[in-house]
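A.B. asks: Below are the structure tokens for one structure; questions will follow.
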Amino acid sequence: MQDHFKDKAQNWDSGDIRVNGAKIIADAIEKEIQLSKDMEILDFGVGTGLLGFSVAPKVKQVYGIDTSAKMLEKLEEKNTPELQIKAYHQDIIKEPLQQQFDGLISSMTLHHVEDLDAFFKTIYNNIKTNGFIAIADLESEDGSFHSDNTGVHHFGFDAQTLCEIVQKHGFDDIKIQNINTINKPRKDFGVFLLTAKKC
């Protein structure tokens, strides 16, 4: 697995945009999904755990999966006996997890997934019946969000197109909404939260 984030991991948590953005996403998920202490949740593209650690106190356990070993090293440093994310270093599409979860959360990772059909087909099998997905990412943009587009497969997402893909792979009650705007010097970028259920 190629680690596109090995040089970024060390300072990943120092950016206000990322830290505040993860908190906004966590708050938006809580408004849409009734989290409970009996839930086991998978954080896809967990990184250093910015989103996962915000959600973890509300659920039984957060599991994190990421293809970046360096990002997971930073996550492990933040684990405590009282609060920890159990992390997997693997590509969930090439090497699917056998475990099923009550829900999947994800923050700003979907645009790094090349094959969306393969992704949603895979995670459908990892979600329990009546479980949920809550995925936040960029609205359609012109490719200028990242200074380096290495490993970026989508310049944001068109809401209708993405919802159609999610529905095609068996999810229901699909909702997509703008939850944040990231202000950068050149322009502003919208962030959406997509939620859906496996019925």
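A.B. asks: Within the bounds of the stretch 178-198, is there any residue that is more than 25 Å from residue 30 (Cβ to Cβ), surrounded by 13 or more Cβ atoms within 10 Å (Cβ to Cβ) and either of a type in the set (Val, Ile, Thr) or at pLDDT 95 or above (or both)?
C.D. replies: Start the filter on the stretch 178-198 by keeping residues that are more than 25 Å from residue 30 (Cβ to Cβ), which leaves 184-187.
Then keep just the ones that are surrounded by 13 or more Cβ atoms within 10 Å (Cβ to Cβ); that gives none.
So far as the stretch 178-198 goes, no, none of its residues is more than 25 Å from residue 30 (Cβ to Cβ), surrounded by 13 or more Cβ atoms within 10 Å (Cβ to Cβ) and either of a type in the set (Val, Ile, Thr) or at pLDDT 95 or above (or both).
A.B. asks: Output the number of residues of the stretch 105-128 satisfying the condition of being out of contact with any strand residue (DSSP E or B) (no Cβ under 7 Å at 6 or more places or on another chain) and either without any contact (Cβ under 8 Å) to a residue 60 or more places away in the chain or among the aliphatic types (A, V, I, L, M) (or both).
C.D. replies: 11
A.B. asks: Output the number of residues of the stretch 56-94 satisfying the condition of being within 24 Å of residue 23 (Cβ to Cβ), free of Cβ contacts under 8 Å to residues at least 60 places away in the same chain, touching an Asp or Glu at 6+ places or on another chain (Cβ under 8 Å) and in a loop (DSSP other than H, G, I, E, B).
C.D. replies: Adding up the residues that qualify gives 2.
A.B. asks: Within the stretch 49-90, which residues are over 14 Å from residue 37 (Cα atoms), in contact with a strand residue (DSSP E or B) (Cβ under 9 Å, 6 or more places away or on another chain) and charged (D, E, K, R)?
C.D. replies: Residues satisfying the conditions are 66, 76, 78, 86.
A.B. asks: What pairs come out if I take residues in the stretch 185-198 that are of a type in the set (Phe, Trp, Tyr) and pair them with residues that are in a strand (DSSP E or B) and buried (at least 20 other Cβ atoms within 10 Å of the Cβ) whose C-beta lies under 7 Å away, six or more apart or interchain?
C.D. replies: As it stands, the answer is 189/138; 192/136; 192/137, since those pairs meet every condition given.
Matching residues to (1) among the aliphatic types (A, V, I, L, M); (2) within 19 Å of residue 43 (Cα to Cα):
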{"site": "101", "(1), (2)": "no, yes"}
{"site": "115", "(1), (2)": "no, yes"}
{"site": "123", "(1), (2)": "yes, yes"}
{"site": "135", "(1), (2)": "yes, yes"}
{"site": "140", "(1), (2)": "no, no"}
{"site": "146", "(1), (2)": "no, no"}
{"site": "151", "(1), (2)": "no, no"}
{"site": "166", "(1), (2)": "yes, yes"}
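A.B. asks: Would you call residue 22 part of a helix (DSSP H, G or I), of a type in the set (Gly, Ala, Ser) and at pLDDT below 95?
C.D. replies: Details: part of a helix (DSSP H, G or I): yes; of a type in the set (Gly, Ala, Ser): yes; at pLDDT below 95: yes.
Judged against the criteria, residue 22 is a match.
A.B. asks: For residue 97, all conditions in the list (1) in contact with a Phe, Trp or Tyr (Cβ under 8 Å, 6 or more places away or on another chain); (2) part of a helix (DSSP H, G or I); (3) free of Cβ contacts under 8 Å to residues at least 60 places away in the same chain; (4) within 17 Å of residue 41 (Cβ to Cβ) hold save one; what is the number of the exception?
C.D. replies: Here residue 97 meets the rest and fails (2).
A.B. asks: I'd like the residue in the stretch 95-114 that is out of contact with any helix residue (DSSP H, G or I) (no Cβ under 9 Å at 6 or more places or on another chain) and loosely packed, with under 15 Cβ neighbours inside 10 Å and, out of all such residues, is nearest to residue 157 (Cα to Cα).
C.D. replies: So the residue we want is 114.
A.B. asks: Which residues, counting only those in the stretch 54-87, are within 18 Å of the chain's Cα centre (by Cα) and among the β-branched types (Val, Ile, Thr)?
C.D. replies: If the condition is that a residue be within 18 Å of the chain's Cα centre (by Cα) and among the β-branched types (Val, Ile, Thr), then 55, 59, 62, 65, 67, 85 are the ones that fit.
A.B. asks: Identify, please: which residue in the stretch 133-150 is surrounded by 15 or more Cβ atoms within 10 Å (Cβ to Cβ) and of a type in the set (Gly, Ala, Ser) and is, among those, nearest to residue 29 (Cα to Cα)?
C.D. replies: So the residue we want is 134.
A.B. asks: Are there any pairs with C-beta distances below 7 angstrom linking a residue in the stretch 129-146 that is free of Cβ contacts under 8 Å to residues at least 24 places away in the same chain and within 17 Å of residue 180 (Cβ to Cβ) to a residue that is buried (at least 18 other Cβ atoms within 10 Å of the Cβ) and aromatic (Phe, Trp, Tyr), with the two at least 6 apart or on different chains, and if so which?
C.D. replies: Note: pairs meeting the criteria are 140/157.
The values are calculated or read from the model by the stated rules, or taken from the named source; none is laboratory data. Just so it is clear, the model here is predicted, and its values are computed rather than measured. Please note: Cβ atoms are built from the backbone with ideal geometry, for glycine as well, and neighbour counts cover all protein chains shown.
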